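Written out below as structure tokens is the structure these notes cover.
The values are calculated or read from the model by the stated rules, or taken from the named source; none is laboratory data. Please read all numbers here as calculations on a predicted model, not as lab measurements. When we count neighbours, we look across all protein chains shown, and the Cβ atoms used for this are built from the backbone with ideal geometry, even at glycine.
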Amino acid sequence: MTSVDVIPAARWQPLLEALAGQLAGEKVLSDPSWRSAFTAVPRHVFVPRFYDDSVDPPRWVDSTDPAWLPGVYSDETLATQLLPMPGQPGIPYVTSSSTRPGYMLWLLHLLVAADDMRVLEIGTGTGYNAALLSQRLGDRQITSIDIDPHLVDLARGRLAKSGFRPRLAVRDGRAGHPEHAPYDRNIATVAVDRIPYAWVQQVRPGGIILADLRPVGMIRGGAIVKLTVHADGTATGRLIDGGVGFMSARTDPAHPAAPDVPAIDKTTVSERRGCGDPERTCASTDRRAGPPGHHRLPPPRPSHDHHT
Ligand SMILES: C[S@@+](CC[C@H](N)C(=O)[O-])C[C@H]1O[C@@H](n2cnc3c(N)ncnc32)[C@H](O)[C@@H]1O
């Protein structure tokens, strides 16, 4: 395998610039400061391989594969970690991914992050988003946490290789990271079924929490909630249709988030069908189009959690 560190810039930079141009054209990369951050951070360093299940049989794509760099510099979510579901041998679930850049940038714009702000990211994953935040705001401003120690280790190495040393920690993100609070912004790149009050406590009055709120029973995605924290310890805001959602928060790093939810909210689910696994029901929600340039997820495929 070619080390991703030695890929000449002439191979990846034009792809990155082209993706930036595409996203700018789709109006999800409109802020010049985010554009310069985006074009300064090579995504391939954070995604040395991804799992492609659009082919039969599905396969890991790494730097030896001609499909790797074009895949990395596409506006696609790339699965980077799979774990088997206990009791369902042979059925891997995606437990970490590098979120589709267009979706991530749409969220980063919604975050309205300004210079010198302190940001807590929930869900470090590959470290790519932490790198974008570090590039934009300075790595001293960024704290990023993930429940999975292995992912945090890998992300730390890739971030260091790219010249960034944000604060990383292994934590169940639902408790936040009080040691370094208060934050100006909290962005969760993993879905929660309620906003943990710890997040409200750890963001300063006037600060913003941005999260994917997915009530129990919703399989394919909830809504982005954008909350402003107030001095009286409350937070208020609105729901924003994001088109898709993040994968659900895990409670145990060794266990994928359970897809067998107890109930489906029939007011929001428009379609139910089997998805190849007799133990599961897959569903898709009847949602309006997401942000500009946003694509709906393809129909559910067996053996995956279909979140970004
Ligand atoms: C969609 S990925 C995040 C993508 C990441 N921001 C990136 O740039 O690569 C979701 C991440 O949330 C993490 N996660 C799941 N449950 C969590 C929890 N309870 N607390 C913190 N992180 C969690 C997963 O391990 C996974 O890495």
Practice prompt. Show the residue pairs that are 6+ apart or on different chains and have beta-carbon atoms under 9 Å apart, the first residue being within segment 109-133 and over 22 Å from residue 48 (Cα atoms), the second being within 6 Å of the ligand (Cβ to nearest atom).
Written response: 120/145; 120/173
Worksheet item: Is there a residue being modelled with pLDDT under 85, in contact with a Ser or Thr (Cβ under 9 Å, 6 or more places away or on another chain) and either away from the ligand (no atom under 16 Å from the Cβ) or closer than 26 Å to residue 110 by Cβ (or both) anywhere in segment 241-251?
Response: yes
Worksheet, complete the sentence: Across segment 42-61, the tally of residues that are of a type in the set (A, V, I, L, M), buried (at least 20 other Cβ atoms within 10 Å of the Cβ) and in a loop (DSSP other than H, G, I, E, B) stands at 1
Worksheet item: Does residue 134 satisfy the criteria of being in a helix (DSSP H, G or I) and either buried (at least 16 other Cβ atoms within 10 Å of the Cβ) or within 16 Å of the ligand (Cβ to nearest atom) (or both)?
Response: yes
Worksheet item: Pairs, please: C-beta under 9 Å, at least 6 apart or cross-chain, first residue outside any helix (DSSP H, G or I) and in segment 153-171, second at pLDDT below 95?
Response: 170/253
Worksheet entry | Residue check for residue 143: over 13 Å from residue 166 (Cα atoms), within 16 Å of the chain's Cα centre (by Cα) and of a type in the set (Val, Ile, Thr) | no
Item to complete: Run down 104, 117 and say which single residue is within 16 Å of the ligand (Cβ to nearest atom), of a type in the set (A, V, I, L, M, F, W, C) and either in contact with a strand residue (DSSP E or B) (Cβ under 7 Å, 6 or more places away or on another chain) or assigned to a helix (DSSP H, G or I) (or both).
Response: 104
